[in-house]
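Written below as structure tokens is the structure these notes are about.
The values are calculated or read from the model by the stated rules, or taken from the named source; none is laboratory data. No experiment lies behind these values; they were computed from the predicted model shown. Positions of Cβ are generated from backbone atoms using ideal geometry, with glycine treated the same way; all protein chains shown enter the neighbour counts. The area values use the complete protein model at the heavy-atom level, side chains included, leaving out ligands, DNA and RNA. Shrake-Rupley method; radii C 1.70, N 1.55, O 1.52, S 1.80 Å.
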Amino acid sequence: MMREGAKIDLLVADDEPPALAELVALLARDDRIGVVHTAANGAEALRVLDAHPVAGAFLDIHMPGLSGLDLARALARSEHPPTIVFVTADDAKALDAFDVRAVDYVLKPVRRERLQRAVDRIVDAGDTQAARDDETIPVTVGQSVRLLRRSDVRWVHAQGDYSRLWTASGGHLVRTPISELEERWTDAGFVRVHRSYLVHRDAVVEVRLSGAAPSVVLAEIELPVSRRLMPSVREALVRSDP
């Protein structure tokens, strides 16, 4: 976590001077930010970062030579990589952003409120192993694409070859089967309770395994438990007294 009163330094890389200037001006209005370094392309960004380590980097995707995605891949190999946010007019590269573990994907034109949420994610990421290990998933919200953190997902509902990820703010449909999410997310605390449902153990407030309709209860919903899965659900969610 960032110390109270501490400021973070950032890098902004964009080959379009007006877009670069606008982004720097918006970031300068955030009291949490110290120095904002700038670069007009990926190669220049690497030189700047070699001299000035930063907490986060706002990268345009389409830059001459070294693209923003190439730059993010190069930075990922460094000992202390900055947290990456893409700022772009291209809404078709969210999956690529997911692959390089960016924490956010902001579409131009940029609104101040949207940019503040991206800075929130950089601040939250900090320098902890848990933050670095938190998977991000691209989801469509209206006309924009955002990167959803796995740690924000409370439960998952299978919908054919798709899955709907439910967070405290609502559901998001992704083109990933629940079986794949189960395999990837078991070590992160997700438990398969039914062929149609996957839940995060920390979201469960009550487990009801006796009676005719076994279930798990979350603050917002009660989900059925398959009798076939009851032994594994009991082992994962029911803590025995010492």
When residues of region 61-83 are limited to those that are open to solvent by less than 10 Å² (accessible area, probe 1.4 Å) and of a type in the set (A, V, I, L, M, F, W, C), the one nearest to the chain's Cα centre (by Cα): Ala72
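Filter region 161-193 for residues that are of a type in the set (D, E, K, R), in contact with a strand residue (DSSP E or B) (Cβ under 7 Å, 6 or more places away or on another chain) and either under 20 Å from Arg228 (Cβ atoms) or surrounded by 13 or more Cβ atoms within 10 Å (Cβ to Cβ) (or both) and give the result. Explain how you work it out, then say what you get.
Step one: list which residues in region 161-193 are of a type in the set (D, E, K, R), which gives 161, 164, 175, 180, 182-184, 187, 192.
Next, from what is left, pick out any that are in contact with a strand residue (DSSP E or B) (Cβ under 7 Å, 6 or more places away or on another chain): 164, 175, 182, 192.
Arg164, Glu182, Arg192, listed by residue number.
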Residue in region 93-107 that is more than 22 Å from Arg149 (Cα to Cα), touching a helix residue (DSSP H, G or I) at 6+ places or on another chain (Cβ under 9 Å) and open to solvent by 30 Å² or more (accessible area, probe 1.4 Å) present: no
Residues located in region 194-242, provided they are part of a strand (DSSP E or B) and either farther than 20 Å from Trp166 by Cα or open to solvent by 90 Å² or more (accessible area, probe 1.4 Å) (or both): Val205, Arg208, Glu222
Every residue from region 108-121 that is open to solvent by 20 Å² or more (accessible area, probe 1.4 Å) and in contact (Cβ under 8 Å) with a residue 12 or more places away in the chain: Lys108, Val110, Arg112, Gln116, Arg117, Arg121
Single match in Ala21, Ala39 (criterion: open to solvent by less than 20 Å² (accessible area, probe 1.4 Å), farther than 18 Å from Leu107 by Cβ, over 22 Å from the mean Cα position of the chain (by Cα) and modelled with pLDDT of 95 or more): Ala39
